[in-house]
1. Tell me whether the range 39-47 contains one or more residues that are touching a Leu at 6+ places or on another chain (Cβ under 9 Å) and open to solvent by less than 100 Å² (accessible area, probe 1.4 Å).
2. Name the residue that is farthest from ILE61 (Cα to Cα), counting only residues in the range 3-38 that are surrounded by 11 or more Cβ atoms within 10 Å (Cβ to Cβ) and among the aliphatic types (A, V, I, L, M).
3. Tell me yes or no: at least one residue of the range 51-70 is touching an Asp or Glu at 6+ places or on another chain (Cβ under 6 Å), at pLDDT below 95 and small (Gly, Ala, Ser).
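The values are calculated or read from the model by the stated rules, or taken from the named source; none is laboratory data. Just so it is clear, the model here is predicted, and its values are computed rather than measured. All Cβ positions, glycine included, derive from the backbone under ideal geometry; neighbour counts span all protein chains shown. Just so you know, the surface numbers come from the protein's heavy atoms only, side chains and all, with ligands and any DNA or RNA stripped out. Shrake-Rupley method; radii C 1.70, N 1.55, O 1.52, S 1.80 Å.
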Amino acid sequence: MQSSRVSPEHYKQFKIEPFDFIHQNDLGFAEGNVVKYICRWRDKGGVEDLRKAIRYIELIIEGEENETDS
C-alpha cells in the first residue's frame, strides 16, 4: 500500500518508501533510522548518513547488551 504523502526525491527510486517499510514492519525508532539512513546515503547525506546508521546500530547493540546483562 503506497502512501499519499509527498516523497522526498532521495526516496523516489525505491519500490517501497522507507517510511512505509518501517511503519508496516513495526520497526522501532533506532531500527527505523538505520533503514532511513542506509536508503538515502547515496542521494542525500553521503558518508555522514552512513555514520548515523552506524551510530543507531551501536545504540541497538548497547541496548541488547544491557538487557543481556540485567
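1. yes
2. Looking at the filtered set, the residue picked out is ILE16.
3. So in the range 51-70, the residues touching an Asp or Glu at 6+ places or on another chain (Cβ under 6 Å) come out as none.
Scanning the range 51-70, I find no residue that is touching an Asp or Glu at 6+ places or on another chain (Cβ under 6 Å), at pLDDT below 95 and small (Gly, Ala, Ser), so the answer is no.
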